[in-house]
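Presented below is the structure to which this report refers.
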Amino acid sequence: MIIDLHIHSQCSDGAFTVKEIFKEAKLRNIEFMSITDHDSISCQEEALDLAETAGIRYVSGVELNVTFSHPNYRQGKLVSLDFLGYQFDAKNKTLAGKLRQMAEYREERAAKILRNLNVEFEKERIEQLTKRDFEEIQASVDGTIGRPHIADYLVKKGIVRTRQDAFDKYLVRCNVPKFPLYLEEASRLVRSAGGKIVLAHPNDPHGTSLATLTKFLPEQTAIIEESMLSYIDGVECWHFRNDPQTTDHYITFAKEYGLIVTGGSDCHQKPVVMGTVKIPDYVADQFH
């Protein structure tokens, strides 16, 4: 069985529409999947309908960005972590309302990032971004706006060569803090909607993960034991940037604490890696 429980669509920062994702999933013989857009469930009802038509088993999904800190690491400074919500009621009003509030904040945050970019561009004598530019960025987004959309627009304008260049040269420096969602609330939102909450890519070296606090796997799982166990239902053990040691460590940890294990490609369709992470069939059995 081919499983992929971590895919992004144009409802957040993926390149494909939901329809295109299902077309590709059929071509790749994916049998069990979830679209997990960043802080957005706006595509879930469409996804559930398309899954039924395509004959693909599907669970609702979302990826929530959570503000976290631990007193023993980075002087207790706040960091971002990602948590995946699964199998919740996509029509749940409390969850949908909170995500709408976060989407509104994302619009304000994006406008502030553009103002910060203009300060940098003025120093470098680069043409400043206008209200029209902001409207064009907004028009390119189906769901919630984020820094990747701004990065792609900077590529389109010829200011940088790649999305990564945009982050390296400008977007890290010009960042504005995200909406502060804490783990307790994220957990309550997902579980109250009938879902399960899972720590995403815990050792991702290039993403929002525990690797920003410590690269030592036993220390990562100690943080989970101390600060997260009562709020989570599982851990993402398979990810396209995982090495075998990371996967094995987290499978062992999840078994010890009776947590569910999930996995996925984290595909944003640049490149298309949907269904390429080898995930065992028993992962599907955890979702009934």
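Could you pull out the pairs from K26/K255; K26/K157; K98/K270; K19/K278 whose alpha carbons sit more than 27 Å apart here?
Too far apart for the 27 Å limit: K26/K255; K26/K157; K98/K270.
FRET efficiency for A139 and R28, Cβ-Cβ distance as r, R0 = 25 Å, nearest 0.05? Taking R0 as 25 Å, the efficiency between A139 and R28 is 0.25. Between C43, C237, C174, find the one with the highest GNM mean-square fluctuation for the chain; connect C-alpha pairs within less than 10 Å. Judging by the Gaussian network model, the answer is C174.
In this simple spin-label approximation, A54 and D165 carry label points 7 Å from Cα along the Cα→Cβ vector, and these lie 3.3 nm apart. Cα centroid separation, the range 139-164 to the range 227-256: 32 Å.
With R₀ fixed at 22 Å, the C-beta to C-beta distance from Q75 to R173 puts the FRET efficiency at about 0.55. Between H288 and Y257, the modelled label-to-label distance comes to 2.4 nm, taking each label 7 Å out from Cα in the direction of the beta carbon. Name the residue, out of V18, V198, V272, whose mean-square fluctuation peaks in a Gaussian network model built on the chain with Cα pairs under 10 Å. Taking springs between Cα atoms under 10 Å, the residue moving most is V272. Most mobile of S34, S209, S230 per a Gaussian network model of the chain (Cα springs, under 10 Å)? Highest fluctuation of the listed residues: S230. Grab the beta carbon distance between R115 and E226, set R0 = 41 Å, and tell me the FRET efficiency rounded to 0.05. According to the calculation, E is roughly 0.60.
Coordinate-derived values only; no laboratory data. Every value quoted in this text rests on a predicted model; they were computed, and no experiment measured them. Note: ideal-geometry Cβ built from the backbone for every residue, glycine included; neighbour counts use all protein chains shown.
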